[in-house]
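Just below is one structure, and these are the notes that go with it.
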Amino acid sequence: MSAALCVTLILMPQQTNAARAFFVFGDSLVDSGNNNYLVTTARADSPPYGIDYPTGRPTGRFSNGLNLPDIISEQIGSEPTLPILSPELTGEKLLIGANFASAGIGILNDTGVQFLNILRIGRQFELFQEYQERVSEIIGSDKTQQLVNGALVLMTLGGNDFVNNYFFPISSRRRQSSLGEFSQLLISEYKKILTRLYELGARRVMVTGTGPLGCVPAELASSGSVNGECAPEAQQAAAIFNPLLVQMLQGLNREIGSDVFIGANAFNTNADFINNPQRFGFVTSKVACCGQGAYNGQGVCTQLSSLCPDRNAYAFWDPFHPTEKATRLIVQQIMTGSVEYMNPMNLSTIMALDSRI
């Protein structure tokens, strides 16, 4: 595979699919509102974010509507998970799972320092441990372990380490190492993260790498793209990082002796509608719906931004994040895609297999 976003899914043997919890870790692609509760500049809690969400109001999701975890929950017949910092996440709602993701974070702890107070991955894991203690008070420690072991887990990291670290204008990382060396460092650290997640009880996980980094509107704008050609260096980063991630996940599975980590090639999934937007009903995959400047890719999406009237015509909502419609295409491949997108099997197959255990 030229590049892959890896999704790993962890599920509990003793539970039915209907009872399966869902846990989400990662960055802004999967943050459902944790940053609303933090003093940070990485936030999506003001209009026009959420313009197509069922309430029509911003929720902290970096989307015009539903985001990746929402649509996966929808597909597996579960309620959406609440942010771990939400005061509404109490009682039986805890048994549905929780979203620990925080916009701006990366694999490395120095990624996203410009965003101030965010839940770095180590802190997300601390909150996961606290979550398990809270659930134990409700159903006991044995059933809590079963719930966690049988859960579906989504982990989305990596893009910020390039966009908001290595390629950041004042990056010390770029002065210290080549793109290949930096990618190897990320993989080494990501393996430690995933190993820790396994130690915390995860048994089927979706771990994502990166999509075509150089093709997002922000990169088109910052690279001075004239005709919408993708930024070559950011594309090279994805082409180096993602195959290494696939290899690492396969190695982890061999060490564990089970397909805990399932690879989903999000590079290909995104590239499909980026390279041929009309085939999927988009008018453009270059210009963001909400933004300013070239390709609407400069700055952030605010009430002062240029806003498209029809979000379904755009692959990108803001300079970095897909629209709900584009996200649904990604989830479709996660659910039913061939080995070109999901390796060794898609989520529908996993759910069917686990229901028989």
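Descriptive notes on the structure:
- Matching entry among 218, 202 (being among the aliphatic types (A, V, I, L, M), out of contact with any strand residue (DSSP E or B) (no Cβ under 7 Å at 6 or more places or on another chain) and open to solvent by less than 60 Å² (accessible area, probe 1.4 Å)): 218
- Scanning the stretch 175-192 for residues that are of a type in the set (A, V, I, L, M, F, W, C) and in contact with a helix residue (DSSP H, G or I) (Cβ under 8 Å, 6 or more places away or on another chain), we see that the one that is farthest from residue 120 (Cα to Cα) is 179.
- Yes/no for residue 96 being surrounded by fewer than 24 Cβ atoms within 10 Å (Cβ to Cβ), modelled with pLDDT of 95 or more, out of contact with any His (no Cβ under 8 Å at 6 or more places or on another chain) and closer than 20 Å to residue 150 by Cα: yes
- In the stretch 271-289, residue surrounded by the most Cβ atoms within 10 Å (Cβ to Cβ) [restricted to those that are small (Gly, Ala, Ser) and on the phi < 0 side of the Ramachandran plot]: 288
- Neighbours by Cβ (under 8 Å, 6+ apart or cross-chain): first from the stretch 195-216, free of Cβ contacts under 8 Å to residues at least 24 places away in the same chain; second open to solvent by 20 Å² or more (accessible area, probe 1.4 Å): none
- Some residue of the stretch 139-150 being closer than 18 Å to residue 31 by Cα, modelled with pLDDT of 95 or more and under 22 Å from the mean Cα position of the chain (by Cα): no
- Residue within the stretch 296-313 that is of a type in the set (Val, Ile, Thr) and open to solvent by less than 10 Å² (accessible area, probe 1.4 Å) present: no
- Against the test of being of a type in the set (Phe, Trp, Tyr), in contact with a strand residue (DSSP E or B) (Cβ under 6 Å, 6 or more places away or on another chain), within 20 Å of residue 148 (Cα to Cα) and surrounded by 15 or more Cβ atoms within 10 Å (Cβ to Cβ), the options 23, 125, 115 yield a single qualifying residue, 23.
- Across the stretch 315-333, the number of residues qualifying as more than 18 Å from residue 58 (Cβ to Cβ) and either in a helix (DSSP H, G or I) or open to solvent by 10 Å² or more (accessible area, probe 1.4 Å) (or both) comes to 8.
- Under the condition of being over 20 Å from residue 118 (Cα atoms) and open to solvent by 40 Å² or more (accessible area, probe 1.4 Å), the residues counted in the stretch 57-85 number 6.
- Selection status of residue 193, modelled with pLDDT of 95 or more, open to solvent by 20 Å² or more (accessible area, probe 1.4 Å) and among the β-branched types (Val, Ile, Thr): no
- Scanning the stretch 250-270 for residues that are among the hydrophobic types (A, V, I, L, M, F, W, C) and open to solvent by 10 Å² or more (accessible area, probe 1.4 Å) yields 256, 267.
- Residue in the stretch 251-268 that is modelled with pLDDT of 95 or more and within 20 Å of residue 69 (Cα to Cα) present: yes
- Taking the listed residues 292, 236, 247, the one that is under 25 Å from residue 314 (Cβ atoms) and either out of contact with any Cys (no Cβ under 8 Å at 6 or more places or on another chain) or open to solvent by 10 Å² or more (accessible area, probe 1.4 Å) (or both) is 292, with no other qualifying.
Yes or no, residue by residue, for (1) in contact with a Lys or Arg (Cβ under 8 Å, 6 or more places away or on another chain); (2) acidic (Asp, Glu); (3) farther than 29 Å from residue 182 by Cβ; (4) at pLDDT 95 or above:
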position: 42; (1), (2), (3), (4): no, no, no, yes
position: 46; (1), (2), (3), (4): no, no, yes, yes
position: 109; (1), (2), (3), (4): yes, no, no, yes
position: 123; (1), (2), (3), (4): no, no, no, yes
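- Count of residues meeting criterion [modelled with pLDDT under 95 and either of a type in the set (Lys, Arg) or not in a loop (DSSP other than H, G, I, E, B) (or both)] in the stretch 334-346: 2
The values are calculated or read from the model by the stated rules, or taken from the named source; none is laboratory data. As the structure is a prediction and not an experimental result, all values here were calculated from the model. For neighbour counting, all protein chains shown are included, and Cβ atoms are generated from backbone atoms with ideal geometry for every residue, glycine included. Only protein heavy atoms, including side chains, enter the accessible area calculation; ligands, DNA and RNA are left aside. Shrake-Rupley method; radii C 1.70, N 1.55, O 1.52, S 1.80 Å.
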